[in-house]
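Okay, structure first, notes after.
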Number of protein chains: 2
Amino acid sequence: MGQALASFSFGVQEESLQTFRLVQQFVDAANRASTLQQVELLLEQISLEMGFDYYALIHHVDHRARNKASSVRLENYPKPWVEKFLEKKMYSWDPIHVASYATNLAFAWSDVPDMITLTKRQQDVLRSALDEGIGDGITVPANLPGEANGSCSFALRRGKTLRREYIGAIQLIGSFAFQSARNLALEAARSTATTGRVDLSPRQLDCVLLAGRGKSDWEIATILGIKEDTVTQHLDSARERYGVAKRVQLILRAVHAGQIALTDLL
Amino acid sequence: MGQALASFSFGVQEESLQTFRLVQQFVDAANRASTLQQVELLLEQISLEMGFDYYALIHHVDHRARNKASSVRLENYPKPWVEKFLEKKMYSWDPIHVASYATNLAFAWSDVPDMITLTKRQQDVLRSALDEGIGDGITVPANLPGEANGSCSFALRRGKTLRREYIGAIQLIGSFAFQSARNLALEAARSTATTGRVDLSPRQLDCVLLAGRGKSDWEIATILGIKEDTVTQHLDSARERYGVAKRVQLILRAVHAGQIALTDLL
DNA sequence: CTGACTATCCCCCTTTAGGGGGAATGGCGC
DNA sequence: GCGCCATTCCCCCTAAAGGGGGATAGTCAG
C-alpha cells in the first residue's frame with residue numbers, strides 16, 4: 001500500500017488570486033446557508049464554475065434504511081449509478097470511500113490505487129462507474145469520531161481530463177461545505193428530540209470508563225479496590241440516570257454526553 | 001450547546017495573496033520533508049511567521065505508555081504544562097481535543113464553549129493552561145477512522161489577542177502538516193507493526209447496529225428474521241475481527257471506525 | 001435536623017453474553 | 001475446481017449482566 005501523494009495548488013500563478021476569491025465567496029455563502037437546499041445549490045454552482053459535472057456530499061451510510069435526519073446526501077450522480085450504489089451497499093467498501101479513510105487531504109480518484117490496495121471487487125466498481133459515465137474526480141474526506149464517515153466529491157464525465165490545479169481550493173470548499181451541511185442536518189435532527197443533560201457521579205464515571213474498556217463488574221471492582229456489588233450498584237444507578245437498560249447504551253450515552261472520550265475506551 | 005461558527009479568511013484583501021504564497025511554500029516544503037524533525041522545523045518557522053508562540057502537532061494518546069512509533073507529538077509548549085497534561089491524562093478529555101472531535105474545520109479556542117458543553121473539570125483545564133502562560137489559539141482537527149485522533153494547534157502567550165484572519169490558511173497548513181508528519185511516522189512504524197483497517201460484513205453491521213441500540217441477540221434475531229444463534233455467530237465473528245472480547249468494545253470499535261454512527265445508536 | 005445524594009456492602013433470582021464445538025449453503029477470486 | 005468467506009443453523013456450558021430487595025455511613029444544603 002502506497003501513501004497519498006499530498007499535492008497542493010490554487011491554480012497557476014495568474015489565476016491563484018481569482019481562485020482564492022472563489023473559495024472565499026463559497027465559504028461565506030456556505031456559512032450563511034440556512035437549509036440543505038441552499039448548500040446543494042452552492043455545490044451545484046461551484047462545481048460548474050470549476051468545470052466539474054458531478055458533486056456528491058454524502059455520509060457513507062445506507063440512506064434508504066436509516067433515519068435520514070442526521071445523515072446527509074446531496075449529489076447529482078446519474079440515477080442508475082446511485083441505484084446500483086445503494087443496492088450493492090457500496091457505501092461501506094467503495095474504493096473512493098475507503099481511500100478517504102486514509103487521509104485528511106483532498107485526493108484525485110486517479111491516485112486512489114497509490115493510496116490503498118484495490119481488491120478486484122473495488123476495481124470493478126471503478127469500471128462500473130466509468131460505464132455509467134463518471135470519470136475522474138476529487139474527494140475531500142470528512143471524518144468525525146463518533147459520527148458516520150463522509151466525504152465531499154467533485155467529478156467529471158468520462159473522457160474529460162482532471163485539472164489538479166484546484167485541489168487546494170477544493171480541499172477548503174469541500175471541508176466547509178460538509179461542515180455546513182452537517183450542521184444543518186444536525187440542527188434539524190436536534191429539534192425533534194430534546195435530550196436533557198445528565199451528569200454522572202465521579203465514582204459512576206470510574207465504573208463507566210472501565211466498563212467501556214470491556215471490563216466486567218468483577219474486574220472493575222478489583223481495579224478500584226471495592227466490592228463487585230458496589231460496582232454493580234454504581235452502574236445500575238448510572239443506567240437509571242440515562243434511563244437505559246443495557247450496558248452498551250450506558251457507555252454510548254456517556255460518550256455522547258462527553259462524560260468520557262471515545263478514544264479513552266479503545 | 002451551540003454550533004461551531006465556521007469562519008474563514010486568508011487575511012485582509014491586500015495581504016491575501018501573500019498569505020496564500022506562505023501556505024503554498026509551507027505545503028511544498030512539508031511534502032518534501034523526509035523526517036519528523038524537518039516537519040517540526042517547518043512548524044516552528046510557520047508559527048513564528050504567523051505570529052504564534054506555540055505549536056502542537058499531536059496524536060491524542062498517552063505518549064508515555066503507547067508504542068511511540070505510530071503516534072506523533074511535535075510541540076513546544078511550556079514543559080510544566082506538558083508534564084501536567086500527561087500526568088492527568090488530559091489528552092482524552094481536554095476541551096480543545098473534545099472540540100476537535102466535533103468539526104473538521106479549524107477553530108479558535110475562544111469559540112470552544114460555543115462548540116461543546118464544558119464540564120467543570122474542562123473549565124479548570126482552560127484556567128490551568130492560562131496559569132502556565134498559554135492564551136488563545138487555533139486548532140485544526142486531524143481525525144482518521146481507525147487511527148488515534150489528532151490535531152495541529154497554534155497558540156499565543158497569555159494576554160495576546162488572536163488574529164482570526166489566517167484561520168483559512170491555518171486550516172490548510174495544519175491539515176498538510178499533520179498528514180506529512182503522520183505519513184513519516186507511519187513509514188517508520190510500518191516495519192514493526194501493521195494496523196490494518198478492519199471492515200465488517202453487511203450482516204455483521206446489521207447486528208452490530210442493533211446491538212448498539214441495546215437489543216439482545218434474541219431481539220436482533222426477531223427484527224432481522226433469523227435465528228438467535230445466527231445473530232450470536234455474526235456478533236462473535238465481528239468481535240473476532242476487531243480482536244475484542246466484549247460487546248461494548250465491539251460497538252465502540254465499530255463507531256470509532258465509522259462503520260456506524262453514534263447518533264444512529266441513541 | 002432533615003432530606004437528598006453519594007458510596008459502600010449484602011442477599012435473592014432470571015436472562016443474556018461469551019466461549020467451545022459443529023455443519024450446510026452459495027458467491028467470488030485465483 | 002478449490003479455497004475462502006458470508007450467511008444460516010444447531011448443540012453444549014459457564015460467566016456476566018440485569019432486576020429485585022435490603023443496610024450503613026458520610027456529605028452537603030436548606
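The values are calculated or read from the model by the stated rules, or taken from the named source; none is laboratory data. Predicted model, so just to flag it, every value in this text is computed and none were measured. As a convention, Cβ positions derive from the backbone with ideal geometry for all residues, glycine included, and neighbour counts pool all protein chains shown.
Please specify each residue of the stretch B:141-168 satisfying the condition of being farther than 23 Å from A:MET115 by Cα and at the interface with chain A (Cβ under 10 Å from one of its Cβ atoms).
Of everything in the stretch B:141-168, just one residue is farther than 23 Å from A:MET115 by Cα and at the interface with chain A (Cβ under 10 Å from one of its Cβ atoms), namely B:GLY168.
Pick from B:ARG32, B:ARG21: which is surrounded by fewer than 16 Cβ atoms within 10 Å (Cβ to Cβ), within 22 Å of A:PHE176 (Cα to Cα) and modelled with pLDDT of 80 or more? Only one candidate qualifies: B:ARG21. Does the stretch A:128-144 hold any residues that are in a helix (DSSP H, G or I) and among the hydroxyl-bearing types (Ser, Thr, Tyr), and which are they? Hit for the stretch A:128-144 is A:SER128, nothing else. Inspect all residues belonging to the stretch A:70-85 and state whether any of them is under 24 Å from A:GLU187 (Cβ atoms), in the same structural domain as A:ALA155 (by TED's automatic domain parsing) and in a helix (DSSP H, G or I). Yes, some residue in the stretch A:70-85 is under 24 Å from A:GLU187 (Cβ atoms), in the same structural domain as A:ALA155 (by TED's automatic domain parsing) and in a helix (DSSP H, G or I).
Here is the figure for the stretch A:230-245: residues that are of a type in the set (A, V, I, L, M) and more than 14 Å from chain B (Cβ to nearest Cβ) total 1. Taken over the stretch B:99-148, the criterion of being within 19 Å of B:ILE173 (Cα to Cα) and among the hydroxyl-bearing types (Ser, Thr, Tyr) is satisfied by B:SER100, B:TYR101, B:THR103, B:THR139. Summed over the stretch A:207-225, residues that are more than 13 Å from chain B (Cβ to nearest Cβ) and more than 12 Å from DNA strand D (Cβ to nearest atom) total 3. Here A:HIS256 fulfils each of the conditions (1) touching a residue at least 24 places away in the same chain (Cβ under 8 Å); (2) within 13 Å of DNA strand D (Cβ to nearest atom) apart from (2).
Picking from residues in the stretch B:151-165 that are of a type in the set (D, E, K, R) and within 26 Å of B:LEU17 (Cα to Cα), the one that is surrounded by the fewest Cβ atoms within 10 Å (Cβ to Cβ) is B:LYS160.
Pairing each residue of the stretch B:224-243 that is closer than 23 Å to A:LEU265 by Cβ with any residue that is part of a helix (DSSP H, G or I) and among the small types (Gly, Ala, Ser), provided the two are 6+ apart or on different chains, yields C-beta distances under 8 Å for B:LEU235/B:ALA211; B:ALA238/B:ALA254; B:TYR242/B:ALA254.
Listed by position, the helices (runs of 4 or more DSSP H) enclosed by the stretch A:166-266 that each have at least 2 residues that are surrounded by fewer than 18 Cβ atoms within 10 Å (Cβ to Cβ) and not aromatic (Phe, Trp, Tyr) are A:167-192, A:202-212, A:217-224, A:228-242. Working only within the stretch B:114-125, note down all residues that are more than 11 Å from chain A (Cβ to nearest Cβ) and without any contact (Cβ under 8 Å) to a residue 60 or more places away in the chain. Those that are more than 11 Å from chain A (Cβ to nearest Cβ) and without any contact (Cβ under 8 Å) to a residue 60 or more places away in the chain: B:GLN123, B:ASP124, B:VAL125. Among residues of the stretch A:73-101 that are over 21 Å from A:PHE52 (Cβ atoms) and in contact (Cβ under 8 Å) with a residue 40 or more places away in the chain, those with a Cβ under 8 angstrom from a residue that is among the polar types (S, T, N, Q) and not in a helix (DSSP H, G or I), sequence gap 6+ or separate chain, pair up as A:TYR101/A:ASN143; A:TYR101/A:ASN149.
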